[in-house]
Amino acid sequence: MPSPAKAYAAQSATTPLAPFSFERRDVQPDDVAIDILFCGVCHSDLHQARSEWEGTLFPCVPGHEIVGRVTAIGSDVTTFAVGDLVGVGCMVDSCGTCPSCHEGEEQYCEGTGFVGTYNGPDAHLGGHTFGGYSDMIVVKQGFVLRIGHDEQDLAAVAPLLCAGITTYSPLKHWGAGPGKKVGVVGIGGLGHMGVKIAAAMGAHVVAFTTSEGKRADALALGAHEVVVSRNADEMAAHAGSFDFILNTVAASHDLDAFTNLLKRDGTMTLVGVPEHAHPSPSVLNLVFRRRSIAGSLIGGIAETQEMLDFCRDHGITADIETIAIQDIDASFDRMVKGDVKYRFVIDMASLAAAA
Ligand code: NAP
Ligand code: ZN
C-alpha cells in the first residue's frame, strides 16, 4: 500500500510553497522507508521552485539534504535496519549499468541520467519525484547513506548531503591537501562547507566573499586568509598564486577576476549554477598560463559516504539556522540576499502543525 505523505510544495514559479498531500510508493524489496527529521535548504531548491532553471515540474516539493530514521525495510535490504539514522542526498536512482555508474559516479549516469530526489522521473508511480520538504520518503537502499555523527548533531549533518559532497568531491578530485593553496569563492551554504573541508584536508585556504561582514566568520570556519573580492588591492595581492579555486557563487559574475589568481596549470572549478550565464571569460588569461575552468556535479554515492565519514572523523558539521517549514519562503528571500549563516535547515516536526 502506498503511504500518505505531507509536504510543502510550490504549485507554480510565482506562488509561495504551501501544504501539499501526496503518496509515497509501497516499500519494495530493495527499499528503505525513512521518517524525515530535518531537511537542509539548498540554493538549488530555490532555483528549482522559482523556475530559475528550465524544466521545473509542478507541484514541486524541493529538498535534497535529507536526514531521518528508518521506519521500514524491504525484504532484500540487509545493510539498514529499522531505527537507523540515515541520509538521502540529490539522487534516488540511476541506470546502474553505464560506465559512470560502474565507476561509482552515478551523478554522471550516461544511461538514463540520475534520478533527482525531486523533479526526476518517478518510475514507480509515474509523474515526477518529490523531495525532502516532507514527512517521509521511500528510497532504494543503494541511494541511502549511513549517518555516523552523534544524533544530537543530526540537523547540522543534513547540509552535508548536498553542500558537503558538492565541495568535498572537487576538492579531492583536484588534489586539495598539504602544500596546496586553495580558494573558496562565495561563503554561503556550499562555500562554508568548502572552507571547513579544504582546511581539514590540510590545504592553505583563502575565502573570497563579497560581504565584508563575513570576514571574521570565514576565519572562524577555518580559512587562513579572507579576501573581500570587491577590493581590487586585496585581489591583486593573490595574483598567480592559487593551485585550485572552488567557485560556489549562485549568480552571474566576472570569472576573470578569479582565473587571474591561478598559478600556471591551476584550475578554477565552478559548482554554482546561476540563472543567467557568466560573461565569457578571457581566453588570454587561460592560454598564457595553461589555466583551466572546470565544472563539477555533487558526488557519487560511495564518495558521499566517504565524505560523511571524513566529516564525522574531523568533527565537521554545517553552521545552521533551524527554521519551521512555514518560514520557507521568507528563508528563500533571505538566501537571495546572502543573509544566511550558513544554511537553513527545516525542523520537520513543524510540518505536523501545517494544515
Ligand atoms: P547560497 O547559500 O545562497 O550561497 C551562495 C553565495 O554566493 C552567497 O552566500 C554569496 O557569498 C555568494 N554570492 C555573491 N554574489 C551573489 C549574488 N549576486 N547572488 C547570490 N549569491 C552571491 O547558495 P548555495 O546553496 O551554496 O549554492 C550555490 C550555488 O551552487 C547555487 O547556484 C546552487 O544551485 C549550486 N549548486 C550546485 C551543485 C552542483 O552539484 N554543482 C550542488 C548544489 C548547489 P558571499 O556573501 O560570501 O559573497
Ligand atoms: Zn543542493
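Odds and ends about this structure:
- Normalised by the number of residues in the range 113-231, the average gap of Cα pairs under 8 Å and 6 or more apart makes the relative contact order 16 percent.
- Principal-axis analysis of the Cα atoms of the chain puts helix 189-200 at an angle of about 70° to the longest axis.
- Euclidean distance of C-alpha centroids, the range 260-281 and the range 71-92, integer Å: 38
- Note, ³J(HN,Hα) from phi for the range 69-81, Karplus 6.51, -1.76, 1.60, rounded to Hz, x at Gly and Pro: 10, 5, 10, 7, 10, x, 5, 9, 7, 10, 9, 10, 10
- Here the range 163-295 was treated as a single set of alpha-carbon atoms; its pair distances binned every 5 Å from 0 give 2, 12, 23, 26, 23, 11, 3, 0 percent.
- Accessible surface of the chain, 1.4 Å probe, proportion on carbon and sulfur as whole %: 53
- Alpha carbon Rg of the chain, scaled by the compact-globule rule 2.2 N^0.38 Å: 0.97
- Rolling a 1.4 Å probe over the protein heavy atoms gives the chain an accessible area of 40 Å² per residue.
- Formal net charge of residues neighbouring SER94 (Cβ-Cβ distance under 11 Å; K, R +1; D, E -1): -3
- Gyration tensor over the Cα atoms of the range 21-110: the corresponding equivalent ellipsoid has semi-axes (square roots of 5 times the eigenvalues, largest first) of 24, 20, 13 Å.
- Part-to-part distance (alpha-carbon centres) for the range 236-259 and the range 1-69, which is given in Å: 34
- Beta bridges by DSSP in the chain, antiparallel share as percent, to the nearest 5: 55
- Using alpha-carbon coordinates, inclination of helix 301-313 to the longest axis of the chain, degrees: 70
- The chain: calculated mean residue ellipticity at 222 nm from DSSP helix runs of at least 4, using -39500 (n - 2.57): -6000 deg cm²/dmol
- Placing +1 on each Lys and Arg Cβ and -1 on each Asp and Glu Cβ, with no other charges, gives the chain a dipole about its Cα centre of roughly 960 debye.
- The Cβ shell under 14 Å around VAL273 holds other residues with a net charge of -3, Lys and Arg each +1, Asp and Glu each -1.
- Other residues within the sphere of radius under 11 Å centred on the Cβ of ARG334, judged by their own Cβ, net out at -3 (K and R +1, D and E -1).
- Extended-chain gain in nm, criterion 0.36 nm per residue less alpha-carbon gap, LYS341 and THR71: 94.0 nm
- Take every pair of alpha-carbon atoms less than 8 Å apart whose residues are at least six positions apart; their mean separation over the length of the chain yields a relative contact order of 18 percent.
- Longest DSSP-loop-exposure-free segment, GluC sites (Glu not before Pro), the chain, at most 13 other Cβ within 10 Å: 111-274
The values are calculated or read from the model by the stated rules, or taken from the named source; none is laboratory data. These numbers were taken from a predicted model, which means no experiment stands behind them. With ideal geometry, Cβ positions are generated from the backbone for all residues, glycine too; neighbour counts draw on all protein chains shown. The area values use the complete protein model at the heavy-atom level, side chains included, leaving out ligands, DNA and RNA. Shrake-Rupley method; radii C 1.70, N 1.55, O 1.52, S 1.80 Å.
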